[in-house]
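The values are calculated or read from the model by the stated rules, or taken from the named source; none is laboratory data. Here the structure is a predicted model, which means the values were calculated and not measured. When we count neighbours, we look across all protein chains shown, and the Cβ atoms used for this are built from the backbone with ideal geometry, even at glycine. Remember, those area values only see protein heavy atoms, side chains included, never the ligands or the DNA or RNA. Shrake-Rupley method; radii C 1.70, N 1.55, O 1.52, S 1.80 Å.
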Amino acid sequence: MANAQPALDAPPSPPSGELQATGTLDIKDSRTSKNYSVQIIQGGVEGDTATRAMDLRQIKTAPDEFGLMTYDPAFMNTASCKSAITFIDGDRGILRYRGYPIEQLAEKATFLEVAWLLRHGELPTQSEYDQWVRNITFHTYVHENIKTFLQGFRYDAHPMSMLCSTVAALSSFYPEAKNIHDPEQRDISIVRLLAKLPTLAAFCYRHIKGLPFIYPDNDLSYTENFLSMVARMSEPKYEANPVFVKALEVLFILHADHEQNCSTNAVRAVGSSHVDPFSAVAAGVAALYGPLHGGANEQVLRMINEIGHPKNVPAFINEVKGGKGSRLMGFGHRVYKSYDPRAKIVKALADDVFKQVSMDKDLEIALKLEEAALSDDYFVSRKLYPNVDFYTGLIYRSMAFPTDFFTVLFAVARTAGWLAQWEEMLNDKEQKIARPRQIYVGYGERPYESQLKTRFPSAKKDVLRK
Ligand code: ACO
C-alpha cells in the first residue's frame, strides 16, 4: 500500500489589491480639543499598516483652513502606492517577487521569465514564454540613427550618461508610444524597452572602447546576446563562457526589482504625468546613476583598491570603527537589518565565477573584510551585514567589465521592474499625477524693488573688452 501523502497547502489566492480597514486611530487636537477617528488600513496578509494621509485634512482649527498634512522628507515613512509586485521584510532578510522567494527564482528561473512574472503577476505558461522571448528577440535591433547619436559622445563619456540619453532618444523614434492607454502600444513599448536596453548598453561600452558596434545575434539567449554585443571581436559567432552567462542571468534576476527605491519612484513619478515609457525609464536611469543608489558596487572596488593588501584589513576596520570618514562599502542597508538575501546568492555565485578566473588578492581582501566585520561587535550591534553590492563589483570586474559600466548592468536588469511598476501605477485608479505638498518656510509677501541699474547687460561688449 502506498504511503499516504501529506495534504499539500492550497496555493494562496491571488491578492485582491484592496486595502482592509483593521481598526481606527483616535486623535485629539490639543488646539481645539476636538476628537477625530481615522481608519487604520492594511494591504494583504503581510501588508504594512497605515492610515490615509488625506484623512488628516479634516483636522483643522477653522473651516477655511487647509487642514493637517504630514511632513516626511525623503519619504522615510510614507507609502506612495499599493503594490503587489515585490515584498521585502528587512528584519527577516526576505525578498519575494510576486510571492516567489528570490532564492528560488535565482536558482531556477530565467531573467525573461522573471520579467514576465513581474509584469503579469503569474509565471508564464510555455506558450506565453515562447511568444514573449520571440517578441523580445525580434526587437533587439535599434534604428541606425542611434549609432550616429552615440558617436556624438566623447570617448570618455560616462556610460550612464550615454544610456540615459539614448533611452530618452528612443521616445522620438516611437512617437506612438505616448498612447499609453492603448494596450497594444503599451505592450510593444515594454517589449521594445526590454529588448533594446542590452543593445544600447553594449553600444555604449563599444563606443567608450573605440570598438565597432556589434549587432544583436538573435540565435542567442538574452544574456548570451548581451555578452556577444559587448565582447565579440572577429569571430563569426560568439561563444560566451557558460559560467558568466549563468552569473549574469542570476545578477539580472537579483536586480530586477526592489519595490519603491529611488529610481522606481522616479519612473512612477515621471510616468504619472502620462509621458511615454521611454521618457519615464530614462528618468529611472538618471536616478540610478547617482552614487547613493546604483553606484555602491563601484565604491566597493575602489575601497578594496585602497586597502591594497589583506594584511591591511584590520587597520582599515579600525579606521572605519574610529569614524574617520571611511565606511565599509557594501555593508549596511536602509531596509535590511539582517543579511541581504541577495548578498548570500551573490557570494555563492562569486565562488563559481572565481573558479574560472582564479582567486585574486582583491577577493582575498573582500573575504577578510567580511569575516572581520561579521565577528566585530561594532558591525554586529548596528546590524551591518553585507549587501548585494559587496560581491557584485568583484564578479563584474572578473568578467572584464570596466568599473563605471557596473551601474549600466544594473539598469538593464532594473528595466524589468521599472516597467512592471510603471504599468501597475497606470492601472491603479487611485493614482494621479505625483505632486507632493511642501511646507513653505520662505518670506511673506514683500514689494518688488529692483536692484538693477540696467536690464539687458550686453554680453557682446564684455567679450570685446577682453
Ligand atoms: N560602515 C560602517 N559603519 C556604518 C556603515 C558602514 N557601511 N553603515 C552604517 N554604519 C553605522 C553608522 O555610522 C551609524 O553608526 P552610529 O549609530 O554609531 O552613528 C549606524 O551604522 C547607522 O547608520 P545609518 O547611516 O543611520 O544607516 P542608514 O540605514 O541610513 O544607511 C546605508 C544605510 C546608506 C546603506 C549605509 O549602511 C551605508 O552607507 N553603507 C555603505 C554604502 C553601501 O554599501 N550602499 C549600498 C546599499 S545597497 C543598494 O543601494 C543596492
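Given 0.36 nm per residue, what is the gain on full extension from Asp26 to Phe173 after removing their alpha carbon distance, in nm?
Length difference between fully extended and current span is 47.5 nm.
Scanning the chain for chymotrypsin sites (Phe, Trp or Tyr not before Pro) in DSSP loops with at most 10 other Cβ atoms within 10 Å, what's the longest stretch left with none?
That gives 156-439 as the longest site-free run.
Summarise the accessible area of the stretch 1-121 (1.4 Å probe, protein heavy atoms) by the percent that is carbon and sulfur.
Accessible surface attributable to carbon and sulfur in the stretch 1-121 totals 53 percent.
Restricting attention to the stretch 211-314, which GluC sites (Glu not before Pro) occupy a DSSP loop and are surrounded by at most 14 other Cβ atoms within 10 Å?
Glu239
With Rg and the Kirkwood Rh both taken from Cα atoms, where does Rg over Rh land for the stretch 349-466?
1.27
Would you mind listing how long the stretch 193-282 runs along its three principal axes, going by Cα atoms, in whole Å with the largest first?
46, 26, 23
Which of the GluC sites (Glu not before Pro) found in the stretch 384-461 are loop residues per DSSP with 10 or fewer other Cβ atoms within 10 Å of their Cβ?
Passing both the DSSP loop test and the Cβ count: Glu430, Glu445, Glu449.
In whole Å, what three semi-axes, largest first, describe the equivalent ellipsoid of the stretch 386-441 built from its Cα gyration tensor (square root of 5 times each eigenvalue)?
35, 17, 10
Looking at the stretch 239-338, what % of the alpha carbon pairs are farther apart than 16 Å?
71 percent
If you look at just the Cα atoms of the chain, how large are its Rg and its Dmax in Å?
25.6, 104
If you plug each phi of the stretch 436-451 into the Karplus form 6.51 cos²θ - 1.76 cosθ + 1.60 with θ = phi - 60°, what whole-Hz ³J(HN,Hα) values come out, in order, with x for Gly and Pro?
x, 8, 9, 10, 6, 10, x, 4, x, 4, 8, x, 7, 9, 5, 9
Just by accessible area at a 1.4 angstrom probe, what is the order of Asp362, Asp219 from largest to smallest?
Accessible-area ranking of Asp362, Asp219, largest first: Asp219, Asp362.
Note the full-extension length gain between Tyr378 and Arg435 as 0.36 nm times their separation in residues minus their Cα-Cα distance, in nm to one decimal.
16.4 nm
List the GluC sites (Glu not before Pro) within the stretch 59-137 that fall in a DSSP loop (any state other than H, G, I, E or B) and whose Cβ has at most 16 other Cβ atoms within 10 Å.
Sites meeting the loop and neighbour criteria: Glu65, Glu122.
Using only the alpha-carbon atoms, what does the stretch 133-223 span along each of its principal axes? Please give whole angstrom values in decreasing order.
Each principal axis gives a Cα extent; for the stretch 133-223 these are 40, 29, 19 Å.
How do Asp130, Asp276 stack up against each other in accessible area, from largest to smallest, with a 1.4 angstrom probe?
Ranking Asp130, Asp276 by accessible area, largest first, yields Asp130, Asp276.
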